[in-house]
1. Please count how many residues of segment 186-205 are within 19 Å of the chain's Cα centre (by Cα) and over 13 Å from Ala159 (Cβ atoms).
2. Could you please give the count of residues in segment 14-47 that are under 20 Å from Ser161 (Cβ atoms), open to solvent by 10 Å² or more (accessible area, probe 1.4 Å) and at pLDDT 85 or above?
3. Residue pairs, Cβ under 9 Å, 6 or more apart or interchain, first in segment 88-110 and on the phi > 0 side of the Ramachandran plot, second among the basic types (Lys, Arg) and crowded, with 22+ Cβ neighbours inside 10 Å. List them.
4. Say we look at segment 166-189 and pick out the residues that are in a loop (DSSP other than H, G, I, E, B) and of a type outside the set (A, V, I, L, M, F, W, C); which of these is most open to solvent (accessible area, probe 1.4 Å)?
5. Do we have Val192 as free of Cβ contacts under 8 Å to residues at least 24 places away in the same chain, in a helix (DSSP H, G or I) and either out of contact with any Leu (no Cβ under 9 Å at 6 or more places or on another chain) or open to solvent by less than 10 Å² (accessible area, probe 1.4 Å) (or both) here?
6. Can you tell me which condition Tyr365 does not meet? The list is (1) surrounded by fewer than 23 Cβ atoms within 10 Å (Cβ to Cβ); (2) in contact (Cβ under 8 Å) with a residue 40 or more places away in the chain; (3) over 30 Å from Ala34 (Cβ atoms), and all the others hold.
7. Does segment 189-201 include one or more residues that are touching a Pro at 6+ places or on another chain (Cβ under 7 Å), of a type outside the set (A, V, I, L, M, F, W, C) and under 21 Å from Cys272 (Cα atoms)?
8. Please indicate, with yes or no, whether at least one residue in segment 137-148 is touching a residue at least 40 places away in the same chain (Cβ under 8 Å), more than 23 Å from Leu39 (Cα to Cα) and assigned to a loop (DSSP other than H, G, I, E, B).
Amino acid sequence: MLKRFSKYVFQSVAGMIGVSVYVLADTFFISVYAGADGLAVLNLILPVYGLIYAIGSMIGIGSATRYGISKAKGERADYYFTQAIAWSVLISIPFVLLGIFIPDKCLALLGADAGLVALGKTYLRIILIGTPFFMSNYSVTAFARNDNATSIAMAGSLAGSVWNIVFDYIFIFPAGLGFAGAALATAFCPIVTMSVCMLHYFGKKCHIGFKWKKMSVRHLISCCQLGVSAFVGEISSAVIAFVFNMLILGLAGSVGVAAYGIVANLSIVGMCIFNGLAQGAQPLISESFGRGESEHVRKYLRWGMNSTITIEIVMIALIWLFTDPLVVIFNSENNAMLLQYAHTGLQLYFLGFLFAGVNIMLVAYFSATANARPAIIGSLMRGAIAIVLCAIVLSRILGMNGVWLSFLASEMLTFVVILILSRKKESVSNDYI
């Protein structure tokens, strides 16, 4: 069991880190290409990424989780994959239309001034048009993991990341496409990932059915209930980015937003690690739960929590030890104000991961055991309600430091709520709650 858990978690984390490179590679090359203004534009667009990834993960992870439970119970599950892909494509259509017709208005709505709109309009247009691929990618990789193809899912994610790094540079600089080149490189990433995953889907070891069944909203809702934790794991970044951008614009202007761009993009790596841990443990927990193996469920939870707490401590230590070297990577103009804001921001913001990783794992546990209520409440607390309230209140009291500390405060509040819910439901091992 431990060997299987280690394999699933390691490969899931590696794959999710690969996903985070989509944005990190853009951040680095764009900081070189356009300096602080480029970072500001990219950070204003981050909420769009978050929303796209959140919807795609809710459909994909939720459908794969429901598929795993149904399959373990011996129920029909040969149409879950096609339903997930179909819904992902259908829901992506409004995003595509926004990208075609009004990307400039979307950027303005996100807080960009005329200069930033002109700089980032084409980038946002290409990203929005690529929405069907971003959303479908989650279903393709999630079902592959649930079908014991974790190695291929990881390889696909890493292949997409390598593509992004290489072609970000090629498209931006040698090809002279600038911002549009960065967007093109990123938009092709999920296509590369899904192409690699097709090696499993067309192979002999694939057990996923591809039967078609009439699209059902009831089926979608049933799956999405178990994908809420994944949704919030992604949407939290979007909500935080949007709220923080609005607050920081008023407190420190575009340089402050650029500094937050560095903090936010590095925090995406942290979020991806903990989401990867949770998504790696999820199919094992849901499978054991479907079979009624409660002792196995407790063991997987215990191992997941131990891994999470260890990584939390190591991550925060690394951030505090190497704060300035990390900031310098994205500060090509050697902007002293940018360095100052980002230095303080990184150290204070990352303290929130003391609780964030634990919350993500617990919410994923609730989802994997078909316990939707605490999963939804816990997810909404950490992804929207608590972070927005803490950011607004603390920014008025402590200024920029309040903005940075709001992540920690919101995760602490969320942990307390999960603690109360778990005590009430008696649904989490007493080893941890």
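The values are calculated or read from the model by the stated rules, or taken from the named source; none is laboratory data. None of these values were measured; they are calculated from a predicted model. Cβ coordinates were reconstructed from backbone atoms using ideal geometry, including for glycine residues, and neighbour counts include every protein chain displayed. Heads up: the accessible areas ignore ligands, DNA and RNA and are worked out on the full protein's heavy atoms, side chains in. Shrake-Rupley method; radii C 1.70, N 1.55, O 1.52, S 1.80 Å.
1. 2
2. 4
3. none
4. Pro174
5. Taking the combined requirement at face value, the residue does not satisfy it.
6. In the conditions (1) surrounded by fewer than 23 Cβ atoms within 10 Å (Cβ to Cβ); (2) in contact (Cβ under 8 Å) with a residue 40 or more places away in the chain; (3) over 30 Å from Ala34 (Cβ atoms), Tyr365 misses (1) alone.
7. No, segment 189-201 has no match at all.
8. yes
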